[in-house]
Amino acid sequence: MKETNIYKEIFRLAVRLTGLLFLCIGLKDLVVQTFMVLAQARGTPLINIVSNFLPVAFTLTVAIWLLRGNWLIRMAYPEAGKIHQPVLPAVQSTESTATTAATPKLSEMEMAEQKLAALVGKKEGLPA
């Protein structure tokens, strides 16, 4: 097994265990909040009941997200084929690099001069 696969599996296990921790906390809070609401059912406004259950819903949502964990694990350890590694250029002699780089620039300059000469020549032929 590759070293990165071992780290990936350890990370997957840590994410899932954290998800189980959030699930236990969320279920405990759900039971506590349910009994508190049932004990005070008559005089408690609906807004207080909802505000008591919002943290429980958030904790359970995080627990489900961590238990699935695929998205988080894919972000931490992308597939090897999807990683774009920079390609380093091969080392060449400075003379060949200088001539290769200078040649296209000269041809572009020559083309620009020819276009300019053609434009100037057309303007010279026009009556003033």
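Applying the selection to segment 44-67, what residues are open to solvent by 70 Å² or more (accessible area, probe 1.4 Å), under 16 Å from residue 20 (Cβ atoms) and in contact with a helix residue (DSSP H, G or I) (Cβ under 8 Å, 6 or more places away or on another chain)?
64, 65
What is the one condition in (1) under 32 Å from the mean Cα position of the chain (by Cα); (2) at pLDDT 90 or above that residue 79 does not satisfy?
(2)
Taking the conditions exactly as written (surrounded by 14 or more Cβ atoms within 10 Å (Cβ to Cβ) and more than 30 Å from residue 78 (Cβ to Cβ)), does residue 37 satisfy them or not?
For residue 37, the condition - surrounded by 14 or more Cβ atoms within 10 Å (Cβ to Cβ) and more than 30 Å from residue 78 (Cβ to Cβ) - is met.
Run residue 93 past the list (1) modelled with pLDDT of 75 or more; (2) open to solvent by less than 80 Å² (accessible area, probe 1.4 Å); (3) polar (S, T, N, Q) and report the number of the one that doesn't hold.
Every condition holds for residue 93 apart from (1).
Could you please give the count of residues in segment 11-20 that are loosely packed, with under 15 Cβ neighbours inside 10 Å and either in contact with a helix residue (DSSP H, G or I) (Cβ under 8 Å, 6 or more places away or on another chain) or charged (D, E, K, R) (or both)?
Qualifying residue count for the region: 1.
The values are calculated or read from the model by the stated rules, or taken from the named source; none is laboratory data. Everything quoted here is computed from the prediction, not taken from an experiment. Ideal geometry is used to build each Cβ from the backbone, glycine not excepted, and the neighbour counts take in all protein chains shown. Areas reflect the complete protein model, heavy atoms only, side chains present, ligands, DNA and RNA absent. Shrake-Rupley method; radii C 1.70, N 1.55, O 1.52, S 1.80 Å.
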